[in-house]
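We did not get these values from a lab; they are worked out from the coordinates using the rules stated. All values derive from a computational prediction rather than experimental measurement. Note that each Cβ is placed from the backbone with ideal geometry, even for glycine, and that neighbours are counted across all protein chains shown.
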Amino acid sequence: MGDDENDALDRLPFPYAEALRLRAAGVTDEVIAEVLGIESDAVGPLLRMAEAKLAAIRGRDQR
């Protein structure tokens with residue numbers, strides 16, 4: 001991840017940023033769930049929300 005990407009991730013709430021970082025590192029959904037203390041079924045929706053929030057941050061930064 002580049003500096004701009006890390007800056008955007010740092011602006012996300014911890015669970016979203018951590019989930020994205022773990023996914024980028026190739027960590028399984030089960031481990032992501034364990035790290036975040038959530039059910040495995042919640043990892044997919046959490047990652048989708050994290051991506052949406054990250055996209056919104058990037059969009060604001062490009063203005």
Six or more apart or on different chains, Cβ under 7 Å: which pairs go from a residue in segment 36-47 that's among the charged types (D, E, K, R) to one that's in a helix (DSSP H, G or I)? Could you list them? Glu39/Ala33
Report, by residue number, each residue of segment 24-52 that is of a type in the set (D, E, K, R) and buried (at least 17 other Cβ atoms within 10 Å of the Cβ). Asp29
Regarding Leu46, is this residue aliphatic (A, V, I, L, M), in a loop (DSSP other than H, G, I, E, B) and in contact with a helix residue (DSSP H, G or I) (Cβ under 8 Å, 6 or more places away or on another chain)? no
